[in-house]
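The values are calculated or read from the model by the stated rules, or taken from the named source; none is laboratory data. Quick caveat, the model's predicted, so the values are computed rather than measured. Please note: Cβ atoms are built from the backbone with ideal geometry, for glycine as well, and neighbour counts cover all protein chains shown.
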Amino acid sequence: MNGPVEPFKIKVVEPVNRPNREKRKLAIKEAGYNTFLLKSEDVFIDLLTDSGTSAMSDNQWAGMMIGDEAYAGSKNFYNFENAVKDILGYKYVVPTHQGRGAEHLMYKTLTRDGQFIPRNMYFTTSKVHVELAGGKMMDVIIDEAHDPENDHPFKGNVNLEKLEALIQEKGAEKIAFINVEMDVNMAGGQPVSMENLREVWKLGKEYGLKVIFDATRSSENAYFIREREPGYENIPINEILREMMSYSDGCIYSSKKDCLVNIGGFLATNDKEIFEKTRSMVVVYEGLHTYGGMAGRDMEALARGLREGAQYDYLKYRVNQVKYLGELLKEARVPIVQPIGGHAVFLDALKFLPHLSREKWPAQTLSAAIYEESAVRSMERGAVSKGRDKETGENIFPKLELVRLTIPRRVYTNTHIEYTANAIKNLYQKREKIAGLKMVYEPEYLRFFQARFEKVPL
Ligand code: PLI
């Protein structure tokens, strides 16, 4: 098995440290067994996230030099606005400092106290912004998504029966809007099919409900549609993207992923009322409506990155590098979520560490153990991320208890991928010696970022 050939060559390099075992043991203990609290200089291969960690191209860096840092009406804003209109096809664009800035504006604008927001599957920051606006997010993803071994090609699809049942049970006036995420992060980077998007849109119109996308990883989702959905084999990615977005009233977008930049976000819409409301809010929370928290140079890099990130050859390499890691792990029988996702390989912590109860946070434990073994940084995506039930205050234990090995875009070589796979294979051989954790500090919001843990002896 070989890794994919990179459609670029390397012009600048950044040296990285590889701490020894003793140093790693100390570093993760000091970080409260939470990989978010590690110092990046103690990390050899950083697979914490694909967010804001991409390597920019020479074309993007060149764009940084023509940053127009005017407070109002920067020329880079118009380049960025045109890129969004060209690639995604929306009429109106509001810039924000990153994705959660867009979530804040969009979800606050559309949600009334006590309303429900059906979404294929929650994402951490989306859920918290909906809750802060007085709403409740309800997962309506297909059942296959909860089974790590099921290899449905579009595991991110909305279950239309569940969605309609929820609308009928609550009444359409109690539904704020329908929310669909592309390449569903918490399900393992699983795509949504074009057919499903079309059906959700139709259903939304029947009930008079707006459909809002979390289009953060829509280019990677478009690649999967081209690869897997009959009829789209020869359609250019740009056309697929525009058709996808045509089944929505608007989207929020974290540009730190598919747009190949280190910061930035936006919301886009065809709905004049949403545009006007969010544009008037952006000046309160983010910055003027022609920069929204980004520098002119950031907007130029984003404009160029959105176009580059939608190129077929790049996407093919990108998705296949993720697949390469997944295939190496599968070969060694390490339990992973199937099919392999667009941005990350997800380890099934419940199968990796079956001797640990849910209260010992298996995914958090596994993520810390991977660091201790190899200085590779990953992230928990399970019960710690899910948090507590808003009403009862109890921990929620979702079916998926995963560790995410997220591949930054254009950053690591296939040798880094092989090193990571070997380290995890070695750990899997001695998995029964891994002791669980107890949570000793829990912050109020998005606890996975700052929670601290201690080891519980086996
Ligand atoms: O990190 P932001 O604020 O630019 O974007 C928030 C956000 C919104 N939607 C989705 C699907 C995300 O994946 C997302 C951020 N994801 C992070 C940080 C991640 O590590 O996956």
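When you scan region 106-116, do you find a residue that is away from the ligand (no atom under 12 Å from the Cβ), surrounded by fewer than 23 Cβ atoms within 10 Å (Cβ to Cβ) and among the small types (Gly, Ala, Ser), even just one? Yes: region 106-116 contains one or more residues that are away from the ligand (no atom under 12 Å from the Cβ), surrounded by fewer than 23 Cβ atoms within 10 Å (Cβ to Cβ) and among the small types (Gly, Ala, Ser). So, Gln311, is that one surrounded by 18 or more Cβ atoms within 10 Å (Cβ to Cβ) and among the polar types (S, T, N, Q) or not? No, not satisfied. Cβ-Cβ distances below 6 Å connect the following pairs, each with a first residue in region 213-224 that is within 11 Å of the ligand (Cβ to nearest atom), a second residue that is of a type in the set (Phe, Trp, Tyr), and a separation of six or more residues or different chains: Ala215/Tyr253; Thr216/Tyr253. Looking across region 184-237, the residues that are in contact with a Phe, Trp or Tyr (Cβ under 8 Å, 6 or more places away or on another chain) and surrounded by fewer than 15 Cβ atoms within 10 Å (Cβ to Cβ) come down to Arg198, Arg228, Pro236. The residues of region 371-407 that are buried (at least 24 other Cβ atoms within 10 Å of the Cβ) and over 20 Å from the mean Cα position of the chain (by Cα), listed by number, are Tyr371, Ala375. Only residues that are touching a Pro at 6+ places or on another chain (Cβ under 9 Å), within 24 Å of Ala383 (Cα to Cα) and part of a loop (DSSP other than H, G, I, E, B) were counted across region 307-354, and they come to 8. Residues in region 252-281 that are β-branched (Val, Ile, Thr) and within 15 Å of the ligand (Cβ to nearest atom): Ile252, Val261, Ile263.
Of the set (1) in a loop (DSSP other than H, G, I, E, B); (2) closer than 23 Å to Ala363 by Cα, all apply to Lys29 but (1).
May I ask you to verify whether Ala344 is more than 16 Å from the ligand (Cβ to nearest atom) and either at pLDDT 95 or above or among the small types (Gly, Ala, Ser) (or both)?
For Ala344, the condition - more than 16 Å from the ligand (Cβ to nearest atom) and either at pLDDT 95 or above or among the small types (Gly, Ala, Ser) (or both) - is not met.
Whether a residue is at pLDDT below 95, on the phi < 0 side of the Ramachandran plot, more than 16 Å from the ligand (Cβ to nearest atom) and not aromatic (Phe, Trp, Tyr) was assessed, and Asn2 passes this test. How about region 18-76: which of its residues are loosely packed, with under 13 Cβ neighbours inside 10 Å, farther than 25 Å from Tyr291 by Cα and of a type in the set (Ser, Thr, Tyr)? Passing the criteria: only Ser40.
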